[in-house]
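Novice: Here it is, the structure in full.
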Amino acid sequence: MNEADPQLVGVTAETGLAARLDRTNELLQRMLVEVAKTPSTHAIFVDAGYVYAAAGLLVTGTEDRRSFDLDAEGLIEAFIDKARTIFADSRLLRVYWYDGARRRIHTTEQQAIAELPDVKVRLGNLNANNQQKGVDSLIRTDLESLARHRAISDAALVGGDEDLVSAVEAAQGYGARVHLWGIEAAEGRNQAEPLLWEVDSQRTFDLDFCRPYVTRRPVTTYEDDTPAPSREDVRFVGAQIAAAWLAARGRESLADLLPGHPYLPGSVDQDLLVEAERLLQHSLRGHAHLRRALRDGFWQHLQAQY
């Protein structure tokens with residue numbers, strides 16, 4: 001058998017390698033052309049709890065949602081317009097609005113937001129102290145999933161919690177750029193430093209930007225020229241409110257509340273006072289003994305149910 005000419009074999013191998021390289025380069029060029037044709041896409045992720053607290057404090061001086069109204073539709077539209085300016089060559093995928101609700105059941109306000117075009121409402125839970133639970137994990141899941149599937153190239157994140165750092169890192173790991181948007185703090189900072197360190201860019205909305213979307217609610221007043229209710233009347237109303245509270249929130253919320261007896265979390269105590277004044281049509285401000293009777297009635301009913 002004749003042996004192959006080594007020089008000829010080498011030339012053939014080099015020719016084959018060159019052909020494969022040419023083919024690879026051609027495929028890469030085609031891919032780059034297709035990528036260039038594909039428009040960039042961005043999404044806006046809004047932690048509603050942060051927005052209510054920060055905007056409420058900045059405009060009205062309080063974080064208490066019951067003290068002001070937020071024009072969520074107007075604010076969302078303002079966020080969309082701002083993103084349209086910043087990401088000029090990109091299209092909006094949608095706005096994700098993350099909030100909390102009892103048993104994850106939409107409130108009337110949340111239903112109205114969910115009906116807005118290009119808006120998706122995601123709900124975490126609210127515990128007995130009106131604290132959001134599960135919202136950060138929802139944000140991470142959506143950010144990571146959209147980045148992994150190349151559904152977005154840029155994410156505008158409106159929030160401030162340090163727990164969002166893992167969401168930012170997950171999205172960046174898949175090549176998405178994450179831009180942190182915040183609301184001007186009345187004093188100090190309202191966004192965690194580790195979060196500020198991780199994002200690709202930062203932007204803060206000031207008082208002039210927020211003011212059109214936040215309106216303080218009028219304070220309900222009651223005439224004090226009528227006789228004050230008796231301690232027993234107030235205690236009975238406290239028990240009534242406790243029954244409604246328990247029916248709305250369930251026994252798991254009661255288990256969270258009982259270890260704090262005889263004290264109530266500030267948010268629960270405020271809700272109790274406002275509802276009692278509405279039912280009694282009389283102000284309990286300045287009547288410390290009646291407020292104690294109110295709490296006693298509230299606790300007495302709850303303890304009887306446990």
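Novice: Being open to solvent by less than 50 Å² (accessible area, probe 1.4 Å) and of a type outside the set (S, T, N, Q) is the filter here, so list the residues in the range 249-270 that pass it. First the steps, then the outcome.
Specialist: Taking the range 249-270 and keeping what is open to solvent by less than 50 Å² (accessible area, probe 1.4 Å), we get 249-250, 253-255, 257-258, 260, 264-265, 267-269.
Scanning the range 249-270 gives 249, 250, 254, 255, 257, 258, 260, 264, 265, 268, 269.
Novice: Search the range 287-303 for residues that are in contact (Cβ under 8 Å) with a residue 12 or more places away in the chain and pair each with any residue that is not in a helix (DSSP H, G or I) when their beta-carbon atoms are under 6 Å apart and the residues are at least 6 apart or on different chains.
Specialist: Pairs found: 290/284; 291/284.
Novice: If I filter the range 264-280 for residues that are modelled with pLDDT under 85 and over 22 Å from residue 62 (Cα atoms), do I get at least one hit?
Specialist: No: the range 264-280 contains no residue that is modelled with pLDDT under 85 and over 22 Å from residue 62 (Cα atoms).
Novice: On to the next question. What pairs come up if the first residue lies in the range 89-110 and is touching a residue at least 40 places away in the same chain (Cβ under 8 Å) and under 19 Å from residue 250 (Cβ atoms), the second is open to solvent by less than 10 Å² (accessible area, probe 1.4 Å) and small (Gly, Ala, Ser), and their beta carbons are under 6 Å apart, counting only those six or more places apart or on different chains?
Specialist: Qualifying pairs under 6 Å: 100/124.
Novice: While we're on this one: Residue check: is residue 66 assigned to a helix (DSSP H, G or I), in contact (Cβ under 8 Å) with a residue 60 or more places away in the chain, open to solvent by 40 Å² or more (accessible area, probe 1.4 Å) and of a type outside the set (S, T, N, Q)? Lay out the reasoning, then the answer.
Specialist: Numbers: assigned to a helix (DSSP H, G or I): yes; in contact (Cβ under 8 Å) with a residue 60 or more places away in the chain: yes; open to solvent by 40 Å² or more (accessible area, probe 1.4 Å): yes; of a type outside the set (S, T, N, Q): yes.
Answer is yes for this residue.
Novice: With the checklist (1) open to solvent by 70 Å² or more (accessible area, probe 1.4 Å); (2) at positive phi in hand, flag the one item residue 227 doesn't pass.
Specialist: All conditions pass for residue 227, except number (2).
Novice: Another question about this same structure. I'd like to check something: does the range 70-78 contain any residue that is part of a helix (DSSP H, G or I), at pLDDT 90 or above and open to solvent by 30 Å² or more (accessible area, probe 1.4 Å)? Give the steps one after another, and end with the answer.
Specialist: Start the filter on the range 70-78 by keeping residues that are part of a helix (DSSP H, G or I), which leaves 72-78.
From what is left, the residues that are at pLDDT 90 or above are 72-78.
If we keep only those that are open to solvent by 30 Å² or more (accessible area, probe 1.4 Å) as well, we get 73, 77.
For the range 70-78, residues part of a helix (DSSP H, G or I), at pLDDT 90 or above and open to solvent by 30 Å² or more (accessible area, probe 1.4 Å): present.
Novice: Still on this structure, I have one more. Based on what the data block shows, is residue 187 among the acidic types (Asp, Glu) and outside any helix (DSSP H, G or I)?
Specialist: Numbers: among the acidic types (Asp, Glu): yes; outside any helix (DSSP H, G or I): yes.
Yes, satisfied.
Novice: Collect the residues in the range 42-63 that are open to solvent by less than 20 Å² (accessible area, probe 1.4 Å), in contact with a Gly (Cβ under 9 Å, 6 or more places away or on another chain) and aromatic (Phe, Trp, Tyr), keeping them in residue-number order.
Specialist: Hit for the range 42-63 is 45, nothing else.
Novice: Still on this model: With respect to residue 274, determine if the residue is in contact (Cβ under 8 Å) with a residue 24 or more places away in the chain and surrounded by fewer than 16 Cβ atoms within 10 Å (Cβ to Cβ).
Specialist: Working: in contact (Cβ under 8 Å) with a residue 24 or more places away in the chain: yes; surrounded by fewer than 16 Cβ atoms within 10 Å (Cβ to Cβ): yes.
Yes: the conditions hold for residue 274.
Novice: Which residues, taken from the range 145-181, are without any contact (Cβ under 8 Å) to a residue 60 or more places away in the chain, open to solvent by less than 10 Å² (accessible area, probe 1.4 Å), farther than 16 Å from residue 94 by Cα and not in a strand (DSSP E or B)? Break it down stepwise before answering.
Specialist: Residues of the range 145-181 without any contact (Cβ under 8 Å) to a residue 60 or more places away in the chain: 145, 147-150, 162-163, 165-178, 180.
Adding the requirement that they be open to solvent by less than 10 Å² (accessible area, probe 1.4 Å) leaves 147, 167-168, 171, 176, 178, 180.
Subset that is farther than 16 Å from residue 94 by Cα: 167-168, 171, 180.
Selection gives 167, 168, 171.
Novice: Which one of these is under 29 Å from residue 52 (Cα atoms), aliphatic (A, V, I, L, M) and in contact with a strand residue (DSSP E or B) (Cβ under 9 Å, 6 or more places away or on another chain): 199, 274, 268?
Specialist: On the way: 274 fails: in contact with a strand residue (DSSP E or B) (Cβ under 9 Å, 6 or more places away or on another chain); 268 fails: in contact with a strand residue (DSSP E or B) (Cβ under 9 Å, 6 or more places away or on another chain).
None of the others qualify; the one that does is 199.
Novice: Are any residues in the range 81-95 buried (at least 18 other Cβ atoms within 10 Å of the Cβ) and assigned to a helix (DSSP H, G or I), and if so, which ones?
Specialist: Hit for the range 81-95 is 83, nothing else.
Novice: Further question on the same structure: Could you please find all residues in the range 201-236 being under 17 Å from residue 272 (Cα atoms), β-branched (Val, Ile, Thr) and either modelled with pLDDT under 90 or within 29 Å of the chain's Cα centre (by Cα) (or both)?
Specialist: Matches in the range 201-236: 219, 220, 221.
Novice: Exactly one condition in (1) within 26 Å of residue 104 (Cα to Cα); (2) more than 17 Å from the chain's Cα centre (by Cα) is not met by residue 149; state its number.
Specialist: (1)
The values are calculated or read from the model by the stated rules, or taken from the named source; none is laboratory data. What you are looking at is a predicted structure, and each value in this text was computed from that prediction instead of being measured. FYI the Cβ positions are ideal-geometry reconstructions off the backbone, even for glycines, and counts take in every protein chain you see. Areas reflect the complete protein model, heavy atoms only, side chains present, ligands, DNA and RNA absent. Shrake-Rupley method; radii C 1.70, N 1.55, O 1.52, S 1.80 Å.
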